[in-house]
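Here is the structure we will look at.
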Amino acid sequence: MVRMLIHLRSFPTTSLSSRSLTISSSSPTQQHKLWSGLDNWRNSPINDRRIWGPNGPLLPSSCDSISSSSFHGLVSAAPSLADLGALVLSTSDPLSKSHISHLAFSRWRSENNLPVGSISHLPSSPARPPKPLLVPTNEVPSPKDSPLPLNAYMLHTLAHIELNAIDLAWDTVARFSPFFDVLGREFFDDFAHVADDESRHFMWCSQRLAELGFKYGDIPANNLLMRECENTSNNVAARLAVIPLVQEARGLDAGPRLVKRLMGFGDHRTSKIVEKIADEEIAHVAVGVDWFLSVCQKMNRAPCPTFKDLIKEYGAELRGPFNHSARETAGIPRDWYDPSCGTQVDEGGSNKQSDKEQLSAVYDRLTHIISMESENSSLERRPAK
Ligand SMILES: [Fe+2]
Ligand SMILES: [Fe+2]
């Protein structure tokens with residue numbers, strides 16, 4: 001909390017509560033091109049298409065609606081958006097968490113006078129079911145050692161990411177709610193909206209896993225995202241840098257590869273779900289970019305070096321290969337994340353970065369590409385079950 005206050009204290013506090021001053025897409029030093037779909041996403045109606053039908057998303061049947069209606073009482077009793085977030089975070093059952101998340105966002109959207117509220121004591125991590133067992137990344141079974149076929153294995157990994165993403169977005173809402181005056185109502189609206197998208201993604205993954213004869217929790221999963229959530233709980237700028245701009249942007253890189261692998265495996269239905277999710281993730285990265293720029297502007301800091309400093313300080317790893325076009329569409333400038341880009345050239349044409357540093361950056365990038373490619377080929381070699 002202290003570090004977050006230090007960062008926020010340097011804001012020009014006379015201009016903090018007006019949206020007109022908080023949504024600027026420009027940095028102190030340069031204009032910034034945001035995702036062209038951001039306004040449409042922000043103004044889009046509630047999306048109730050939480051079932052994956054024969055050809056894509058559908059409205060739920062009356063039975064599914066009845067099962068989620070049992071949470072109406074809990075959701076209506078919450079006095080604020082931050083309390084709704086805390087309710088989602090304290091729910092351990094994944095499907096209940098997803099239903100409550102959607103009901104919470106629907107209520108927030110339908111009640112104009114519901115306050116954001118303020119929660120000062122939030123558990124450091126959200127409630128989780130007994131399964132999957134959460135383990136360090138290197139202890140998660142590889143596809144080769146997993147009892148699940150490759151398509152179900154990939155879907156389980158994605159379901160885990162989506163469940164974490166629900167909690168990460170609500171944690172951002174509830175955790176930073178005491179800074180409403182600084183961040184403004186729209187910040188909280190955006191992250192509650194992200195949580196709603198993630199809850200829909202989890203439903204699709206969960207449904208498809210069941211169709212394949214499996215369920216979320218069948219294999220251990222990593223605790224990486226929750227660790228990063230805890231690490232950044234004291235600094236809103238770090239939360240934005242590490243979660244939407246590093247972790248969610250990684251989804252933009254991995255999405256098309258995952259779709260290709262699933263097509264290669266012959267599971268077109270799962271590949272369609274993954275394709276749709278990857279497409280919707282652009283909004284989450286774009287929202288992160290917009291708010292990161294806004295926070296940098298309040299701190300009077302240049303976004304690119306601030307982003308680099310934060311990911312170094314918080315130990316977030318930037319790993320390629322990068323999907324540059326998707327990242328550009330989402331509004332992340334290449335010089336923020338790509339070490340091979342953005343080197344400065346002086347007037348005489350000589351490069352300021354030493355040859356040794358350049359070679360080291362190229363070597364690191366090649367190492368990442370080689371390790372990713374060998375991982376991909378070992379996945380692709382796995383026979384279909
Ligand atoms: Fe998602
Ligand atoms: Fe997301």
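Could the peptides 275-286, 131-142 be put in order, highest first, of the mean number of other beta-carbon atoms found within 10 Å of their residues?
On the way: 275-286: 21.5, 131-142: 13.4.
Packing order, densest peptide first, comes out as 275-286, 131-142.
Treat every Asp and Glu Cβ in region 48-381 as -1 and every Lys and Arg Cβ as +1, leave all other atoms uncharged, and give the resulting dipole magnitude about the Cα centre to the nearest 20 debye. Before the final figure, lay out the partial values.
Numbers: 33 positive and 43 negative charges, 104 e Å.
Its charge dipole is roughly 500 debye.
Pull out a ≥ b ≥ c, the square roots of the eigenvalues of the alpha-carbon gyration tensor of region 48-381, then state rounded if a/c is under 1.5, prolate if not and a/b is larger than b/c, and oblate in the remaining case.
Working: a/c = 1.98, a/b = 1.20, b/c = 1.65.
Judged from the Cα gyration tensor, region 48-381 comes out oblate (a/c at least 1.5, b/c at or above a/b).
Tell me, in nm to one decimal, what length is gained between Asp335 and Glu230 on full extension, where the rule is 0.36 nm per residue of separation less the Cα-Cα distance? Could you put the intermediate results ahead of the total?
Numbers: separation 105, 0.36 × 105 = 37.80 nm, distance 2.74 nm.
Full extension from Asp335 to Glu230 adds 35.1 nm.
Modelling each spin label as a point 7 Å along the Cα-to-Cβ direction, I'd like the Glu280/Asn138 distance in nm, to one decimal.
Roughly 3.6 nm, to one decimal.
Taking a 26 Å limit on the Cα-Cα distance, which of the listed pairs Lys33/Lys260; Lys276/Lys308; Lys260/Lys308; Lys215/Lys312; Lys97/Lys272 fall beyond it?
Values: Lys33/Lys260 29 Å; Lys276/Lys308 30 Å; Lys260/Lys308 31 Å; Lys215/Lys312 36 Å; Lys97/Lys272 24 Å.
Pairs exceeding 26 Å: Lys33/Lys260; Lys276/Lys308; Lys260/Lys308; Lys215/Lys312.
Ranked by Cβ crowding within 10 angstrom, fewest neighbours first, how are Arg227, Arg200 ordered?
On the way: Arg227 15, Arg200 24.
Fewest-to-most ranking of Arg227, Arg200: Arg227, Arg200.
According to a simple spin-label model (label point 7 Å from Cα along Cα-to-Cβ), what is the distance in nm between Leu114 and Leu59?
2.0
Mind giving me the nanometre distance, one decimal, between the label points for Ser125 and Ser90, set 7 Å out from Cα along Cα→Cβ?
With each label placed 7 Å out from Cα toward Cβ, I get 2.0 nm.
Bear in mind that the values in this text are calculations on the coordinates, not laboratory data. The shown structure was predicted, so the numbers you read here are calculated from the model rather than taken from an experiment. All Cβ positions, even for glycine, are placed from backbone atoms using ideal geometry, and neighbour counts span all protein chains on display.
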